[in-house]
1. Taking the Cα centre of region 9-90 as the origin, how large is its charge dipole in debye, to the nearest 20, when only Lys and Arg (+1) and Asp and Glu (-1) carry charge on their Cβ atoms?
2. Toward the positive end of the charge dipole of the chain, about the Cα centre and with charges on Cβ (Lys, Arg +1; Asp, Glu -1), which of Leu269, Gly340, Gly97 goes farthest?
3. Any idea what the dipole of region 72-133 comes to, in debye rounded to 20, about its Cα centre with Lys/Arg Cβ at +1 and Asp/Glu Cβ at -1?
4. What ³J(HN,Hα) values, in whole Hz, does the Karplus curve 6.51 cos²θ - 1.76 cosθ + 1.60 give for region 188-198 when θ = phi - 60°, with x put for Gly and Pro?
5. Which one, Val164, Leu236, Ala304, projects farthest toward the positive side of the charge dipole computed for region 103-305 from Cβ point charges (K/R +1, D/E -1)?
6. If Lys and Arg each add +1 and Asp and Glu each add -1, what is the summed charge of the other residues whose beta carbon sits under 13 Å from the beta carbon of Gly119?
7. Once phi is turned into ³J(HN,Hα) by the Karplus curve 6.51 cos²θ - 1.76 cosθ + 1.60 with θ = phi - 60°, what whole-Hz value does each residue of region 27-37 show in order, with x for glycine and proline?
8. Can you tell me, using C-alpha contacts under 8 Å and at least 6 residues apart, the relative contact order of region 103-305 as a whole percent?
Amino acid sequence: MVERPWRDPLTAGSAWSSEERLWWLVWSRVPGLGFEALCQLWGLFGSLAAAWAASSQALAAVPGIGPVRLAAIDRCRRRAGVDPLGSVGRSGVLVPGDAALPAAVRALARPPLHVYWRGRGQLWSPLRQGRAVAVVGTRRPSPHGLAMAEAIGRVLAQAGWPVVSGLAEGIDAAAHQGCLRAGGRPIGVLGTPLDRVYPSHHVRLQQQVAERGLLLSEQPPAGGVCAGHFAARNRLQVALARALVLVECPEPSGALHATRLAWQSSLKLWVVPGDAAKRSAAGSNRWLLRGAAPLLDAVDLISALGPGPLAQPPAMAAPALGSAQSGATAADQSLLEAVGSGASLEQLSLHLGQAVSQLMPRLLALELAGLLRAEPGLHWRPVC
């Protein structure tokens with residue numbers, strides 16, 4: 001947790017009461033007041049309720065509350081009227097004192113005042129554990145970058161990993177589309193309020209993410225949008241993830257900001273190598289020189305990370321394997337069961353959690369033993 005010179009309500013040792021969180025939401029509506037200002041008011045007045053009732057003269061004496069902020073506070077107090085708590089929503093929003101909010105988000109140097117959310121609330125559990133993978137990149141990728149982003153989203157989803165991205169054009173959208181096609185759980189961190197869609201043609205994609213995953217934003221409903229909001233969401237993406245994949249981006253790029261934050265936070269960092277002659281990959285390729293791990297195949301992510309928090313338990317073994325398989329070892333039997341009626345090398349690697357280099361010799365041995373038949377496209381079927 002960042003050290004602060006005043007009493008920090010996040011380190012007070014107890015969860016916030018319902019009234020305290022509502023007063024936080026009331027104060028967070030005042031333009032120009034950030035996290036530190038609200039904590040300072042809480043510490044100096046003993047509670048945000050007492051700060052709300054304080055005179056303008058008392059507030060003016062608070063360091064950092066100048067004439068502009070004081071005028072904004074007075075306008076909000078007049079607008080809220082006699083029942084300020086009744087004017088704020090109580091659901092679909094997390095504040096720093098809520099236990100459901102991941103600790104890594106609360107520990108940010110600039111924590112969000114609130115995180116509005118929509119979708120499957122059970123996904124907060126893996127996010128609190130930092131068990132998700134962020135995928136970032138340019139809004140104008142090459143066909144190779146798009147294909148890799150889609151494959152990464154799909155492979156992560158198949159292995160049970162929530163996929164965090166920003167729902168922007170290009171790499172973000174491709175990663176979430178791959179995740180959705182595989183039946184996974186996408187986590188969309190927006191730079192706009194939840195009731196805004198950017199780009200506008202992502203209406204259907206944003207709706208699907210909300211239905212099957214989770215949409216997050218620190219921007220309040222009906223709030224304005226500025227370029228800084230899109231940069232600010234990068235820190236949230238990194239705080240929610242265990243690893244980050246940079247698919248493709250030029251110099252400069254917002255994706256590089258997220259990458260630097262991930263590197264500083266000691267997250268595992270992968271970079272998809274791009275064509276050295278393409279400007280769209282100039283920024284991401286340089287991270288390979290700084291020590292990021294090259295990602296040549298999306299399946300390699302699962303070899304390194306293992307199954308995700310949403311992975312399905314392995315299927316029950318068949319009661320009998322048949323005479324042709326009776327002489328196989330237990331490891332071979334598990335491989336034959338994974339092949340089932342037919343499977344690709346990628347599917348087998350994901351299902352068994354083993355690297356492709358480990359599976360290939362075993363598949364070849366079973367093929368030579370007459371138990372499997374190889375087909376085009378690295379696909380195998382049992383020999384009937």
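1. 280 debye
2. Gly97
3. 140 debye
4. x, 9, 8, x, 10, x, 4, 8, 10, 10, 9
5. The residue sitting most towards the positive pole is Leu236.
6. Values: positive: Arg118, Arg120, Arg185, Arg212; negative: Glu211.
Within the 13 Å Cβ shell, the charges total +3.
7. Each residue of region 27-37 in turn: 5, 5, 7, 6, x, x, 9, x, 4, 5, 5 Hz.
8. Taking the mean separation of contacting Cα pairs over the length of region 103-305, I get 23 percent.
Any read-out appearing in this document is the output of simple, stated calculations on the displayed coordinates, not a laboratory observation. No experiment lies behind these values; they were computed from the predicted model shown. Note that each Cβ is placed from the backbone with ideal geometry, even for glycine, and that neighbours are counted across all protein chains shown.
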